[in-house]
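Working notes for the structure below.
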Amino acid sequence: MKLFVCILFSLLSSGCTKTSDNPSMAKTDLSTNNFNANARFTYLALGDSYTIGESVQQVESFPYQLQNALKQKGFDVGAPKIIAKTGWTTDELQSAIKSENLTPTFSYVTLLIGVNNQYRGYPLSTYKQEFAELLQRAIAFANGDKARVFVVSIPDWGATPFGKNSGKKPETIAAEIDAFNAANREITIAAGVSYTDITPASRNAKTDASLIAADGLHPSAKMYNEWASALLPKISALLQQP
């Protein structure tokens with residue numbers, strides 16, 4: 001039982017040691033070697049476990065489902081460049097971006113980060129500052145064009161089986177998630193960047209087990225498809241522009 005709790009805890013935070021032979025943690029070191037800079041349209045996805053698609057197949061993560069949906073519409077979109085890892089907070093994502101030394105600019109960028117700040121009890125004020133900095137980095141990666149950046153809200157993990165058994169009241173988790181999302185939404189809108197709110201739909205997991213992956217914590221391919229579908233018309237409209 002202690003091992004089970006440790007595995008689930010580590011899915012949201014770095015509180016337990018990750019081992020390569022643990023199948024539930026297999027995606028924490030996701031390779032992004034599939035990234036294709038030669039495609040007409042390139043995609044950078046920034047985030048944490050929700051971006052890499054912890055506990056689902058790579059093709060079932062929302063960045064890859066989004067890429068596939070765009071390709072089906074006839075857009076030559078290469079495999080996404082992903083900078084994300086399970087457990088990352090805003091400061092850890094910042095550090096990872098710096099170590100990547102990225103030089104290319106991307107056709108569009110998605111940013112979804114903050115659940116681990118909330119989970120670890122980090123100050124909201126720190127999150128605001130670091131999220132705002134990350135958003136500016138995302139805009140820079142889009143060649144300074146804020147119309148090519150898309151922020152996704154933080155889903156509510158309190159609606160999951162793990163959340164219900166975490167020892168913290170789901171309504172408390174929901175209130176904290178709402179506070180973090182209120183902050184990232186305000187910063188995003190003030191910057192003139194698109195904001196996609198997937199949080200209300202994520203709470204449908206309370207009554208729909210098909211929205212949750214086998215680990216009892218992360219979204220299933222079905223929920224990730226909902227996120228990709230929410231982003232699809234916005235990014236399709238962008239890529240149709242001359």
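Go through the range 138-174 and report how many residues are closer than 25 Å to TYR43 by Cα, in a helix (DSSP H, G or I) and either free of Cβ contacts under 8 Å to residues at least 60 places away in the same chain or among the aliphatic types (A, V, I, L, M) (or both).
Final tally of qualifying residues: 5.
Does SER210 count as surrounded by fewer than 16 Cβ atoms within 10 Å (Cβ to Cβ), more than 19 Å from VAL77 (Cα to Cα) and of a type outside the set (A, V, I, L, M, F, W, C)?
In short, yes.
Scan the range 105-124 residue by residue and report those that are in contact (Cβ under 8 Å) with a residue 24 or more places away in the chain, surrounded by fewer than 18 Cβ atoms within 10 Å (Cβ to Cβ) and over 15 Å from VAL149 (Cβ atoms). Can you show your working first?
Of the range 105-124, the ones in contact (Cβ under 8 Å) with a residue 24 or more places away in the chain are 105-120, 122, 124.
Okay, now just the ones that are also surrounded by fewer than 18 Cβ atoms within 10 Å (Cβ to Cβ), so 105, 120, 122, 124.
Residues satisfying the conditions are ARG120, TYR122, LEU124.
For the range 69-91, which positions are touching a residue at least 12 places away in the same chain (Cβ under 8 Å) and of a type in the set (S, T, N, Q)?
Listed by number, the residues that qualify are THR86, THR89, THR90.
Conditions tested, residue by residue: (1) surrounded by fewer than 14 Cβ atoms within 10 Å (Cβ to Cβ); (2) closer than 30 Å to LEU102 by Cα; (3) more than 13 Å from the chain's Cα centre (by Cα).
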{"site": "LEU135", "(1), (2), (3)": "no, yes, yes"}
{"site": "ILE139", "(1), (2), (3)": "no, yes, yes"}
{"site": "THR160", "(1), (2), (3)": "no, no, yes"}
{"site": "GLU176", "(1), (2), (3)": "no, no, yes"}
{"site": "PHE180", "(1), (2), (3)": "no, yes, yes"}
{"site": "ILE187", "(1), (2), (3)": "no, yes, yes"}
{"site": "GLY192", "(1), (2), (3)": "yes, yes, yes"}
{"site": "LYS206", "(1), (2), (3)": "no, no, yes"}
{"site": "TYR224", "(1), (2), (3)": "no, yes, no"}
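Looking only at the range 193-217, count every residue that is under 18 Å from ASN181 (Cβ atoms) and touching a residue at least 40 places away in the same chain (Cβ under 8 Å) and tell me the total.
Here the count works out to 12.
Suppose the filter is in contact (Cβ under 8 Å) with a residue 60 or more places away in the chain, in contact with a helix residue (DSSP H, G or I) (Cβ under 8 Å, 6 or more places away or on another chain), not basic (Lys, Arg) and not in a loop (DSSP other than H, G, I, E, B); does ILE177 pass it?
Answer is yes for this residue.
Can you go through GLN129, GLN94 and tell me which one is surrounded by fewer than 20 Cβ atoms within 10 Å (Cβ to Cβ), touching a Leu at 6+ places or on another chain (Cβ under 8 Å), modelled with pLDDT of 95 or more and not aromatic (Phe, Trp, Tyr)?
The unique qualifying residue is GLN94.
Is there a residue in the range 48-55 that is farther than 23 Å from ASP197 by Cα and in contact (Cβ under 8 Å) with a residue 12 or more places away in the chain?
No, every residue in the range 48-55 fails to be farther than 23 Å from ASP197 by Cα and in contact (Cβ under 8 Å) with a residue 12 or more places away in the chain.
Can you report the number of residues in the range 226-242 which are surrounded by fewer than 14 Cβ atoms within 10 Å (Cβ to Cβ) and either among the aliphatic types (A, V, I, L, M) or on the phi > 0 side of the Ramachandran plot (or both)?
Total meeting the criteria: 1.
From ASN184, ASN143, ASN225, ASN165, grab the single residue that is more than 30 Å from PHE106 (Cα to Cα) and not aromatic (Phe, Trp, Tyr). Explain how you work it out, then say what you get.
Values: ASN184 fails: more than 30 Å from PHE106 (Cα to Cα); ASN143 fails: more than 30 Å from PHE106 (Cα to Cα); ASN225 fails: more than 30 Å from PHE106 (Cα to Cα).
Among ASN184, ASN143, ASN225, ASN165, only ASN165 is more than 30 Å from PHE106 (Cα to Cα) and not aromatic (Phe, Trp, Tyr).
The values are calculated or read from the model by the stated rules, or taken from the named source; none is laboratory data. What you are looking at is a predicted structure, and each value in this text was computed from that prediction instead of being measured. Every residue, glycine as well, gets a Cβ built from its backbone with ideal geometry; the counts of neighbours run over all protein chains shown.
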